[in-house]
Amino acid sequence: MKITKKSLLLFIILFYSVCFAVSTQSDTKDDIRELARRLEMLEHKFVQEQHRGHNPSYPSISHGFINGGEGNTIRILQHRLQILEDKLFQYEKHFDETKHYNKRIQSLEVTVQELSNIVKKQSDCTKSTERVKTMIFNQHNTVPELRKKKLQKKKSAIFPLGKNNTKQDENTTVEETSGANQNKTSDARYIRSTDSERYIRKSNFYKKRLLLPIATTTPYPTPVAKIVAFYAYMSATIPSITGQITLVFDVSKTNDGNGYHPSTGVFIAPETGVYVFTWTMREASNCRHSTQLMVNNAEIGITHLHSVSGGDFVGTGVVVTHVNAGDDVYVRTHASWNDCNIFSDIGGRSSFAGWKLS
């Protein structure tokens with residue numbers, strides 16, 4: 001009987017806790033409330049038994065819940081406990097899923113806010129770009145007007161005496177005519193007329209000087225064409241070339257315009273124009289190579305040279321092409337068709353040269 005009481009007490013406490021936990025949920029079922037009521041009655045009966053002791057004549061509880069002996073009662077309680085545990089597990093699982101979804105929603109809201117901020121920044125950048133474009137357009141339209149004003153100022157500086165002398169000539173002519181009509185009645189007028197004649201001769205002299213071809217020529221000096229040309233060669237033989245490499249012609253003999261860089265073998269065009277480029281390779285002793293002339297990453301020309309055993313040959317390539325200022329021009333070996341050495345010594349040099357036509 002003691003073991004049964006302890007078991008009943010444990011089940012009562014556990015059921016009471018489960019019922020209390022489940023009762024906090026909004027959707028508690030009627031059967032769970034009914035079970036909690038019956039468990040409360042069982043607890044009350046168990047307390048009475050502890051106070052009175054075991055009494056076989058004590059009437060048994062018959063609520064459709066405890067019947068058929070203690071073993072049956074325990075099995076019923078275990079069954080109902082299992083049902084309550086399953087329901088509680090379902091409620092906890094639903095609660096966890098709801099909590100997880102709430103976190104996902106909050107995370108998505110934060111992401112949406114960040115994307116909104118990025119879109120706003122991009123919109124501000126677009127507006128700034130439009131303003132800059134408008135300013136550049138306005139400045140582009142203003143430059144021709146400023147050039148016209150500057151040219152007008154230069155013209156006015158070149159012909160400062162023409163208009164003034166014309167007015168002074170007219171005034172002088174009027175003065176001379178009036179003096180002639182009055183027969184030079186006063187010495188002052190005569191002196192003034194004499195001074196005017198002297199001034200007329202000087203002004204005519206200045207006008208003749210202004211009418212010389214200097215005034216009709218352009219005020220801007222003719223620009224002198226800048227020479228761009230280079231020539232360089234390899235100081236020594238490059239051994240065992242089997243792949244694609246940029247060839248370095250490290251001895252620079254001519255470099256007008258400073259466009260060629262002997263440390264890298266690259267010519268950087270200082271000006272835009274049409275250029276001529278030529279490169280010469282020397283092969284011997286059954287060596288072979290294909291070499292390309294490159295402008296940036298584009299192949300403009302290619303040559304192939306294959307020397308026979310015991311032979312010594314040179315091959316030259318020439319290219320005429322348009323190059324923009326800042327473009328890189330260089331010679332490199334092809335990715336294929338390479339074997340052995342590229343020779344350069346006192347007997348013959350492998351070289352690279354170029355110059356600007358226009």
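Number of residues in the range 302-323 that are part of a loop (DSSP other than H, G, I, E, B) and surrounded by fewer than 16 Cβ atoms within 10 Å (Cβ to Cβ) equals 4. Is it the case that the range 259-274 has a residue that's more than 24 Å from residue 358 (Cα to Cα), buried (at least 17 other Cβ atoms within 10 Å of the Cβ), in contact with a Gly (Cβ under 6 Å, 6 or more places away or on another chain) and assigned by TED's automatic domain parsing to the domain that holds residue 321? No, because not a single residue in the range 259-274 is more than 24 Å from residue 358 (Cα to Cα), buried (at least 17 other Cβ atoms within 10 Å of the Cβ), in contact with a Gly (Cβ under 6 Å, 6 or more places away or on another chain) and assigned by TED's automatic domain parsing to the domain that holds residue 321.
Which residue, of 294, 281, is of a type in the set (A, V, I, L, M), under 31 Å from the mean Cα position of the chain (by Cα) and in a strand (DSSP E or B)?
Numbers: 281 fails: under 31 Å from the mean Cα position of the chain (by Cα).
So the residue among 294, 281 that is of a type in the set (A, V, I, L, M), under 31 Å from the mean Cα position of the chain (by Cα) and in a strand (DSSP E or B) is 294.
The number of residues in the range 324-338 being surrounded by fewer than 18 Cβ atoms within 10 Å (Cβ to Cβ) and farther than 18 Å from residue 261 by Cα comes to 4.
Determine if the range 328-339 includes at least one residue that is farther than 23 Å from residue 244 by Cα and not polar (S, T, N, Q). Let's see the steps before the verdict.
Start the filter on the range 328-339 by keeping residues that are farther than 23 Å from residue 244 by Cα, which leaves none.
No, the range 328-339 has no match at all.
The values are calculated or read from the model by the stated rules, or taken from the named source; none is laboratory data. Quantities reported herein were computed from a predicted structural model and do not represent experimental measurements. Every residue, glycine as well, gets a Cβ built from its backbone with ideal geometry; the counts of neighbours run over all protein chains shown.
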